[in-house]
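See below for the structure under consideration.
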Amino acid sequence: MISEGEKEEIRTLLKVGRSRTLNFAVCMGEEPVETVFVIHRRVKPLVLGRQAKADGTTPKVAKGRMEVDGRTLKLCCEGTVPTGLSKNLKKYLKILKLMMTVELVDEVAPLPDEDGLDEDVVQEAEPVAAESATEPPAAPEPEVSPEQTRYETMFKMMTPKIDQIEHSDHPNALKIAAIRDLAVRRAESGDYRTANKALSSLAAHI
């Protein structure tokens, strides 16, 4: 069964795929609900393929790079492509309430390098820093909400265990890191309700 945390993670990364190329791996299930779809910004397709196979129920694995063009998911696969991949993945996405077509292509945009990503972060942050230098002192921070308090408590309790898993050979290390990253992103945007759902889902893996 696909957890809510996994559904939210896939939806979020597919949105990212509209603006940049991502690495992916799929392990087709006998039924679409059993399919494992793993996406990551920097982890290599070979590693993702091993993760998908470990989490999946069949040997039918595809891996490579992907991008999203409108409502079309474009997959550029490395090596042999399992028969029925497009159809299976389309049905899987439908379970996530994502009505998309899946297209196998020979090429997608190149991946940006990590240095480029770092520059984007710096450039995005610099204007904020410049503006803050001329702004009047900030108003007192609002009271912390119960959702935020719950998030901060759960995150503090779970972080040592997550860090330990990330540096081990745990079979779900990549999935755990991805869900943790989702929770952090949601919390940073102020969406503590979704962040708490992601952490609750994560608790089942650790």
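No value in this document is a laboratory result; all are computed from the given coordinates. These figures come from a predicted structure and were not determined experimentally. No Cβ is skipped: glycine too gets one built from the backbone with ideal geometry, and neighbour counts run over all protein chains shown.
What is the stretch 149-206's relative contact order, in percent, from Cα pairs under 8 angstrom and six or more apart in sequence?
On the way: 40 pairs, mean separation 21.9, N = 58.
That works out to 38 percent.
Testing the spin-label approximation: label points 7 Å from Cα along Cα→Cβ at GLU78 and ALA173. State their distance in nm.
Once both label points are built, they end up 1.8 nm from each other.
Translational diffusion coefficient, Stokes-Einstein: compute it for the stretch 4-104 using the Kirkwood radius over C-alpha pairs as Rh, at 25 °C and 0.890 mPa s, and state it as an integer in µm² s⁻¹. Let's see the in-between values first.
Details: Rh = 13.1 Å.
Value of D from the Cα-based Kirkwood radius: 187 µm²/s.
What's log10 of I(q)/I(0) for the stretch 145-206 at q = 0.13, 0.16 Å⁻¹, Debye sum over Cα points only, no solvent?
-0.30, -0.45
First select every other residue whose beta carbon is under 14 angstrom from the beta carbon of ASP69; then total the charges, Lys and Arg +1, Asp and Glu -1. Don't skip to the answer; put the middle values down first.
Details: positive: LYS15, ARG18, ARG20, ARG65, ARG71, LYS74; negative: GLU67, GLU103, GLU107.
Once all neighbours under 14 Å are counted, the net charge is +3.
Obtain the nm distance between the two label points defined at THR153 and LYS87 by a simple spin-label model: each point lies 7 Å from its Cα along the Cα-to-C-beta direction.
5.1
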